[in-house]
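**Student:** Please see the structure below; I have some questions.
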């Protein structure tokens, strides 16, 4: 998953899917600087990391952001650091002689 998130292009794709689900063609249109093959390669990495799900509807493939893996990372690592930072700020606030 971290490999998938390491690419700024893939993070931008996740941002696009966060706004609204779209088709593969719609995602290609959102990145005109990339050719279709490159978009599909990035998409494959995101799907292998379970960050994006795709389902076929007729000839189209509808893509959706899968936020649960990112939430698990937040809960496991980031949440603890955020909580410690908030506690530190609270202690600093009580020491403030204002």
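**Student:** Which one of 91, 55, 59, 83 is over 22 Å from residue 6 (Cβ atoms) and touching a strand residue (DSSP E or B) at 6+ places or on another chain (Cβ under 6 Å)? Full working, then the answer.
**Tutor:** On the way: 91 fails: touching a strand residue (DSSP E or B) at 6+ places or on another chain (Cβ under 6 Å); 59 fails: touching a strand residue (DSSP E or B) at 6+ places or on another chain (Cβ under 6 Å); 83 fails: touching a strand residue (DSSP E or B) at 6+ places or on another chain (Cβ under 6 Å).
Answer to the check: 55.
**Student:** Still on this structure, please answer the following. Please report, ordered by residue number, the helices (runs of 4 or more DSSP H) entirely within the range 31-98 with at least 2 residues that are touching a residue at least 12 places away in the same chain (Cβ under 8 Å).
**Tutor:** Values: elements: 36-48, 68-73, 79-95.
In the range 31-98, 36-48, 68-73 are the helices (runs of 4 or more DSSP H) which contain 2 or more residues that are touching a residue at least 12 places away in the same chain (Cβ under 8 Å).
**Student:** Would it be correct to say that residue 3 is touching a residue at least 24 places away in the same chain (Cβ under 8 Å) and loosely packed, with under 14 Cβ neighbours inside 10 Å?
**Tutor:** It is true that residue 3 is touching a residue at least 24 places away in the same chain (Cβ under 8 Å) and loosely packed, with under 14 Cβ neighbours inside 10 Å.
Yes/no matrix, rows are residues, columns are (1) surrounded by 13 or more Cβ atoms within 10 Å (Cβ to Cβ); (2) under 24 Å from residue 73 (Cβ atoms); (3) modelled with pLDDT of 95 or more; (4) out of contact with any helix residue (DSSP H, G or I) (no Cβ under 6 Å at 6 or more places or on another chain):
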site	(1), (2), (3), (4)
16	yes, yes, yes, no
33	no, no, yes, yes
38	yes, no, yes, yes
43	yes, yes, yes, yes
52	yes, yes, yes, no
57	no, no, no, yes
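The values are calculated or read from the model by the stated rules, or taken from the named source; none is laboratory data. Nothing here was measured: the structure is a model prediction, and the numbers come from that model. Every residue, glycine among them, receives a Cβ derived from its backbone with ideal geometry; neighbour counts consider all protein chains shown.
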